[in-house]
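Take a look at the structure below.
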Amino acid sequence: MIDYWSMLFVFVLATFIGLGVIRRVSRLLYTPLMSLTNAISAIAVVGSIVVAGADYPATIRVLGAVALFASMTNIVSGFMITNRMLKMFKKQ
Amino acid sequence: MTRSIAELAAVLAAALFIFALYWMNDPKTARHGVIAGVTGMTLAILATWIQPEIVHHGWVMLAIVAGFAVGVPLSRVPLTAVPQRTALSHAFGGLAAGLVGTAEYLLGVSAHPAELTAFRMSALVAEVILGFLTFTGSLMAAGKLQEVKWIPQRPVTYPGQNVVNIGVLVAAAVLGVFVVNNPTAPWAGTAFNTIVALATLFGVLLIIPIGGADMPTVISILNSYAGLSAVAMGFVLNSKLLVTAGALDGSSGLILSIIMCRAMNRSFTNVLFGAFGTVQKAVTAGEQKTWKQESVEGAAQLLEQASLVVIIPGYGMAVAQAQHKVRELYDQLTKRGVTVKFAIHPVAGRMPGHMNVLLAEANVPYTALVEMDEINPEMPQCDVALVIGANDVVNPAARYAKGSPIYGMPIIDADKARTVLAIKRSKNPGFAGIDNELYVQDNTWMLFGDAKAVLGDLVRQFGSGGLH
């Protein structure tokens, strides 16, 4: 049985941490911030791996594999483009 | 044993993700954030992959390789295309959530009906609605930004639009309540598919009335939805890591949306249901002033004699790909002892931070990029304000013209500078929708033409032949 109360608890605390941390992000970096958070939220990949790789009926695994592909694309392009943009910010 | 490894990896990954965002508070440390993010992600993926229930390794491998094959080229797009890429990645995030939600529902109905509790079903329905509306909404936004032919660029409005949109969403939610209460009823499958279809439709309808100027806000809101769909997925899959990462993404989107809305003096509902850029009637009554044109030589002279020049870039700079020429002008002027600053309006461009990234690409030091609130007190001391492809963000009508759609929007006080030089592509004043009286002020001179070409001519004036 899933303990929904502790999940809700995690959600509320994580949102407050998120608001606190994001508020301090440099205004210069909003574009890379968006690609970074996008890559991070592609952690949905862990769910897709289970759906695609476990011993489920093929139709379900196809849905999982497409989801896994979509998340993986976000992870790869998100981190790479964030890094590429951040490299450009120079002080002088 | 493998279960404990997965739990430990999840805790580490969550901590690393928070650090990644924390390091974004300064351009000096920001790249540590990428390393932290990649490390956390790799740990989480490996720890999931080694679980005993994963048996079809070929499938996982194939999907990961395909993800790399598409992801790597997507990370190499020109920086002017970053808004589209961002919208596209929100679409992928939404799609992943929607598909996993659908798979979990099918799995629950066929194998574990007891697991489809009311709470889990609610999370599942929320995941699917948010996921699929983010998917099509972001695809539409990406299409508009990419200027795909069959997606109308201009906002499309019709009578009763908001009633239709909200009706579609309410219908999906009502069906959702039925499915939550009877997840295994004979009709539940059809109802579930209808929810998917309605959410997909709602995403399209939501973006149709949105114009280009609203894109920074809309992208931020879609960012938030993508995060929330990941949170809902976390609830469905019982993954605290997913809930945490989704909440971080969601709160980031929320903060950016609030900042964008404030920078336009509008509310969320006004952006999503207000159809900016459609009902703009010429509010300028009375005498029609006309603009004065300046030659490139004259403009170069003005710039050279200045001691403080403030450059105000807008979307026009991105369209013309003029950021490198801007940098050359910056070099020429600073070499001559002129102080040059860049005034960045929060909604300049098509996504948050768009101008900063383009100027950083052209090697403009980030210390020269100044936010609107910090530059405005300095504007009366500014000798020349050089407006490059910006329009609404410098329109003085925002201060007093109550009938104007941009009324109340905070602007960069370009008009308070001693002299204003404005580079504008077209002489046609009506094109942008709103007349900008900055262009007809007594101390404003216009330079007409493509921003890149005009700046190239300006820079040439500072070269060997002209001024020195």
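The values are calculated or read from the model by the stated rules, or taken from the named source; none is laboratory data. It should be emphasised that the depicted structure is a prediction, and the values quoted were computed from it without experimental measurement. No Cβ is skipped: glycine too gets one built from the backbone with ideal geometry, and neighbour counts run over all protein chains shown.
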Looking only at the range B:148-158, decide whether some residue is assigned to a helix (DSSP H, G or I) and not aliphatic (A, V, I, L, M).
no
Check every one of the strands (runs of 3 or more DSSP E) wholly within the range B:322-406 and list those with 3 or more residues that are in contact with a strand residue (DSSP E or B) (Cβ under 9 Å, 6 or more places away or on another chain), of a type in the set (A, V, I, L, M, F, W, C) and buried (at least 18 other Cβ atoms within 10 Å of the Cβ).
B:339-344, B:384-388
Determine if the range B:415-426 includes at least one residue that is within 28 Å of residue B:142 (Cα to Cα), without any contact (Cβ under 8 Å) to a residue 40 or more places away in the chain and either among the hydroxyl-bearing types (Ser, Thr, Tyr) or in a loop (DSSP other than H, G, I, E, B) (or both).
yes
Being charged (D, E, K, R), farther than 16 Å from residue B:17 by Cα and modelled with pLDDT of 95 or more is true for just one of A:84, A:27. Which residue is that?
A:84
Out of (1) closer than 21 Å to residue B:237 by Cα; (2) surrounded by 14 or more Cβ atoms within 10 Å (Cβ to Cβ); (3) at the interface with chain A (Cβ under 10 Å from one of its Cβ atoms), the one residue B:25 does not meet is (1)
Candidate set from the range B:330-349 (those that are at the interface with chain A (Cβ under 10 Å from one of its Cβ atoms) and at pLDDT below 95); member that is farthest from residue B:263 (Cα to Cα)
B:349
Which condition number in (1) among the small types (Gly, Ala, Ser); (2) facing chain B (nearest Cβ under 7 Å); (3) under 25 Å from residue B:132 (Cα atoms) is the one that residue A:26 fails?
(3)
Residue, surrounded by the most Cβ atoms within 10 Å (Cβ to Cβ), within the range B:102-158, restricted to residues that are among the basic types (Lys, Arg) and away from every other protein chain (no Cβ under 12 Å)
B:144
Mind checking which residues of the range A:77-92 are among the aromatic types (Phe, Trp, Tyr) and in a helix (DSSP H, G or I)?
A:79
If I filter the range B:31-41 for residues that are under 19 Å from residue B:96 (Cα atoms), touching a helix residue (DSSP H, G or I) at 6+ places or on another chain (Cβ under 7 Å) and in a helix (DSSP H, G or I), do I get at least one hit?
yes
Has the range B:196-208 got at least one residue that is closer than 30 Å to residue A:3 by Cβ and either modelled with pLDDT under 95 or assigned by TED's automatic domain parsing to the domain that holds residue B:105 (or both)?
yes
From the list A:64, A:78, A:18, pick out the single residue that is crowded, with 24+ Cβ neighbours inside 10 Å, over 21 Å from residue B:40 (Cβ atoms) and modelled with pLDDT of 95 or more.
A:64
If you check residue B:217 against the conditions, is it more than 8 Å from chain A (Cβ to nearest Cβ) and surrounded by fewer than 24 Cβ atoms within 10 Å (Cβ to Cβ)?
no
Failed item in (1) closer than 20 Å to residue B:236 by Cβ; (2) within 7 Å of another protein chain (Cβ to nearest Cβ); (3) modelled with pLDDT of 95 or more, with residue A:35 passing the rest:
(1)
Let me spell it out: the conditions are (1) closer than 27 Å to residue A:28 by Cβ; (2) at pLDDT below 90, and residue B:442 meets all of them except one. Which number is the exception?
(1)
Have a look at B:69, B:97, B:20 and point out the one that is at pLDDT 95 or above and surrounded by fewer than 24 Cβ atoms within 10 Å (Cβ to Cβ).
B:69
Would a scan of the range B:223-233 turn up a residue that is over 19 Å from the mean Cα position of the chain (by Cα) and of a type outside the set (A, V, I, L, M, F, W, C)?
no
Would you please name the residue that is nearest to the chain's Cα centre (by Cα), looking only at residues in the range B:69-83 that are within 26 Å of residue A:47 (Cα to Cα) and in a helix (DSSP H, G or I)?
B:74
Do we have residue B:5 as surrounded by 13 or more Cβ atoms within 10 Å (Cβ to Cβ) and outside any helix (DSSP H, G or I) here?
no
Those residues of the range B:64-97 which are more than 8 Å from chain A (Cβ to nearest Cβ) and farther than 22 Å from residue B:148 by Cβ, in sequence order
B:65, B:69
State whether one or more residues within the range B:173-190 are more than 14 Å from chain A (Cβ to nearest Cβ), within 17 Å of the chain's Cα centre (by Cα) and modelled with pLDDT under 95.
no
Would you confirm whether any residue within the range A:43-55 is at the interface with another protein chain (Cβ under 7 Å from one of its Cβ atoms), touching a residue at least 40 places away in the same chain (Cβ under 8 Å) and closer than 17 Å to residue A:79 by Cβ?
no
Can you find a residue in the range B:47-54 that is assigned to a helix (DSSP H, G or I), at negative phi and more than 7 Å from every other protein chain (Cβ to nearest Cβ)?
yes
When you scan the range B:268-321, how many residues do you find that are of a type outside the set (Ser, Thr, Tyr), over 21 Å from residue B:355 (Cα atoms), assigned to a loop (DSSP other than H, G, I, E, B) and modelled with pLDDT of 90 or more?
1
